[in-house]
């Protein structure tokens, strides 16, 4: 069906990678820990390894091997493994917990706050992230992200790309799926959102995985909207 | 236990009556419909009757007579009955739906926006209302209510004062119940919040039910905080 911006009532956002630059932020947080504890760690590799455990950890929930487990706790299970792999020693429980909460302190891409502010004039803005509610709330307060609602995986108790995550979010907004525009930097997320009936906007983040990224630098399908930043998205949606 | 404001991380708010003046707002919406359709209705009685069906309707869900039903749909079931009782005729389906969404357009009490703005500097602000997410989101966008998260009954799939509504909201915020301060104009709500382990703040709204209100004009127990407005609450919490 042809895309009509006027049929859209809410924008639902992927967060990690699309809204925030998790890699640079985790490196920043790691370097601070490294300096304080005189650690010699390649924090770029550490960030990539932590994110690398993201899908495998969620898969344990998706398959039912684990009961519903919020992302904070999956991040912590992964972190406990990485502390061994990277021979990071001497951190107290409170310090490990604080490092785990680095994911609550991710910085947005430079266009995000201004773009969201424009988009919010016309559309309801909701998160549709695998991040748990507390993580997304703390991130939003620190970064000034003007969400109208924090929804997604935890309230649906299903991790994306499971269909329930998309459909529950639309339902909680009181909307039909096709009244929601899923905004993501990941073709796979948009493909599953589209299968669930949402409309799609691709905003590539070619530096998400660092300087040598090859994945998700271009749209893999004819998404409803393709924009090169949230500001461009606002312009394309008439905001 | 003694109350320490520093142990509180989030304020969780009752909305109808505590944050917004539903009665005056429903009367305003009713009068507009009445003028447009040349109806002779006592809109004060109409507002009271609509609100009067609120607890009985939720009871049908609490007892399991009805499966989970969002408040918008309970409001509509009540409205359909009231249209007959008040002999309101000639409204189209779209007009009835719009009148039902009057609950999305309730006005805040005069101290609310300024009070929440001060409180938000220090505390996470979440709704813990029986209103469904879409209702609370639309109300917030119209009135400028700066919620960090819209939680409560719908995400818990339990209507207050069922314990799950309070506990699920605290859990989604990543907090223990005692790190949440329930703010309400209703002694009954605070009693159940307290039983669930939350701390309590009473802000009376002596005009909620109109000029002749006798219920909930005073604290019925020694709540952790008693304030006469959200501005006073902010001052008492050091914001």
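The values are calculated or read from the model by the stated rules, or taken from the named source; none is laboratory data. In this text, all values refer to a predicted model and were calculated from it rather than measured experimentally. For neighbour counting, all protein chains shown are included, and Cβ atoms are generated from backbone atoms with ideal geometry for every residue, glycine included.
Can you tell me which of A:79, A:83, A:116, A:91 is surrounded by 14 or more Cβ atoms within 10 Å (Cβ to Cβ) and within 14 Å of chain B (Cβ to nearest Cβ)?
Checking each option against the conditions leaves just A:116.
Find the residue count for region A:159-178, including only residues that are touching a residue at least 12 places away in the same chain (Cβ under 8 Å) and either in a loop (DSSP other than H, G, I, E, B) or within 11 Å of another protein chain (Cβ to nearest Cβ) (or both).
11
Just wondering, is there one or more residues in region B:224-236 that are within 14 Å of chain A (Cβ to nearest Cβ) and either part of a helix (DSSP H, G or I) or under 22 Å from residue B:60 (Cα atoms) (or both)?
no
So which residues in region B:200-214 are part of a loop (DSSP other than H, G, I, E, B) and either at positive phi or touching a residue at least 24 places away in the same chain (Cβ under 8 Å) (or both), if there are any at all?
B:203, B:204, B:205, B:207, B:208, B:209, B:210
Looking at region A:127-149, which of its residues are more than 8 Å from chain B (Cβ to nearest Cβ) and outside any helix (DSSP H, G or I)?
Scanning region A:127-149 gives A:127, A:128, A:129, A:130, A:131, A:144, A:145, A:146, A:147.
Tell me the residue from A:11, A:66 that is closer than 20 Å to residue A:168 by Cβ and under 17 Å from the mean Cα position of the chain (by Cα), please.
When all the criteria are applied, what remains is A:11.
Residue check, residue A:98 against (1) surrounded by fewer than 22 Cβ atoms within 10 Å (Cβ to Cβ); (2) in contact with a helix residue (DSSP H, G or I) (Cβ under 9 Å, 6 or more places away or on another chain); (3) assigned by TED's automatic domain parsing to the domain that holds residue A:229, all met but one. Which one?
Every listed condition holds for residue A:98 apart from (3).
Just checking, how many residues over region A:197-229 are surrounded by 19 or more Cβ atoms within 10 Å (Cβ to Cβ) and closer than 27 Å to residue A:158 by Cα?
The number of residues fulfilling the criteria is 13.
Report those helices (runs of 4 or more DSSP H) wholly inside region B:1-114 carrying at least 2 residues which are under 18 Å from residue B:209 (Cα atoms) and touching a residue at least 60 places away in the same chain (Cβ under 8 Å).
B:22-37, B:43-52
Is it fair to say residue A:8 is touching a strand residue (DSSP E or B) at 6+ places or on another chain (Cβ under 7 Å) and more than 16 Å from residue A:160 (Cα to Cα)?
Yes, satisfied.
Select, from B:101, B:121, the only residue that is under 19 Å from the mean Cα position of the chain (by Cα) and within 14 Å of chain A (Cβ to nearest Cβ).
B:101
Out of all the residues in region B:179-190, which are away from chain A (no Cβ under 14 Å) and surrounded by 17 or more Cβ atoms within 10 Å (Cβ to Cβ)?
Answer for region B:179-190, where residues must be away from chain A (no Cβ under 14 Å) and surrounded by 17 or more Cβ atoms within 10 Å (Cβ to Cβ): B:181, B:182, B:183, B:184, B:185, B:186, B:187, B:189, B:190.
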